[in-house]
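Just so it is clear, none of the values below were taken in a lab; they were calculated from the coordinates. Note that the structure is a prediction, hence the values are computed from the model and not measured. Note that each Cβ is placed from the backbone with ideal geometry, even for glycine, and that neighbours are counted across all protein chains shown.
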Amino acid sequence: MAREPERGVSFRRLTASLGLPDHTVVDVISGLRAEGLVEYDAGSGTCRPGEPFRRFAGPATATRPDCNDVRAAAMIWADGLAARTGMSVLLAVAHSEGAQVIHHVFRPDNRPQRLATGDVLPPTSAPARVLAGPCDDRCAYEEGTGPEEARLATSVPCPDGVRHAAALCLTGPRRLLDPEGAGARRCEEALRDAARTVSSALVGAPAR
């Protein structure tokens with residue numbers, strides 16, 4: 001919705017992309033409407049972001065740094081983040097089907113790993129949710145299927161501070177990334193520090 005603030009998203013498309021039952025999505029939309037975060041047109045069945053989101057949602061033609069420049073600016077800091085946390089690091093940009101990984105740093109151990117660069121993550125993934133929301137420093141959490149599978153993501157803002165350049169994401173154990181756990185605060189701080197540094201490195205980068 002944030003990427004198409006005027007056009008909006010149909011209720012059917014929203015339920016399909018989220019993979020949730022209709023009644024669950026209705027409850028979610030009702031709660032967001034009550035907070036002014038979503039507007040719903042019953043006639044067309046279309047959901048649009050509310051005013052708090054529209055203030056931060058740039059149009060599809062808004063200029064953003066080129067993906068290659070974002071990757072180049074992030075590489076050294078993504079390496080440092082992986083070393084600091086002992087986890088895998090993903091850098092992802094907005095994609096029509098969620099978010100696409102443009103850089104992947106393996107966790108610093110000898111366990112088998114698969115390169116995720118090029119993967120398209122679904123709209124429910126932590127990076128996609130960050131990129132679809134307001135451009136701020138909040139973190140999005142996503143649980144995987146096992147205890148060692150979780151993601152924590154935050155925005156890498158464009159230098160203007162109102163649009164996303166990318167999402168930076170840690171992949172690792174739930175016990176360290178779950179916001180309810182004792183280790184999450186350290187990981188959130190490390191993730192935000194790296195994202196802010198990458199954003200600063202983008203100043204002066206050519207826009208697309």
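Angle check, please: helix 184-201 long axis (alpha carbons) against the longest principal axis of the chain (alpha carbons), in degrees 0 to 90, nearest 10. Rounded to the nearest ten degrees, it is 90. Annotation: the residues Ser44, Ser88, sorted from fewest to most other C-beta atoms within 10 Å of their own C-beta, follow the order Ser44, Ser88. Residues Met75, Met87, arranged from fewest to most other Cβ atoms within 10 angstrom of their Cβ, appear as Met75, Met87. Quick one: helix 67-85 against the long Cα principal axis of the chain, what's the angle to the nearest 10°, folded into 0 to 90? Relative to the chain, helix 67-85 is tipped by roughly 60 degrees. Candidates Ser88, Leu176, Val203 compared by Cα position along the dipole of the chain: farthest toward the positive end lies Val203, with charges placed on Cβ. Mean sequence separation of contacting Cα pairs (under 8 Å, at least six apart), scaled by the length of the chain, corresponds to a relative contact order of 19 percent.
So what's the net charge close to Glu143: Lys and Arg +1, Asp and Glu -1, counting the other residues with Cβ under 10 Å from its Cβ?
Values: positive: Arg151, Arg174; negative: Glu142, Glu149, Asp178.
Result for the local shell: -1.
Relative to the dominant Cα principal axis of the chain, helix 22-34 is inclined by about 90°. Counted by Cβ distance under 13 Å from Ala16, the other residues give a net charge of 0, where Lys and Arg count +1 and Asp and Glu count -1. Ser200 sits among other residues whose Cβ lies under 15 Å from its own Cβ, and their net charge, with Lys and Arg +1 and Asp and Glu -1, is -2.
Going by C-beta contacts inside 10 Å, put Leu37, Leu18 in order with the fewest on the left. Could you put the intermediate results ahead of the total?
Values: Leu37 17, Leu18 14.
Fewest-to-most Cβ neighbours within 10 Å comes out as Leu18, Leu37.
If you compute Rg and Dmax of the Cα atoms in Å for the structure shown, which of (i) 21.4, 63; (ii) 17.1, 56; (iii) 19.6, 70 do you land on? So the calculated entry is the one marked (ii).
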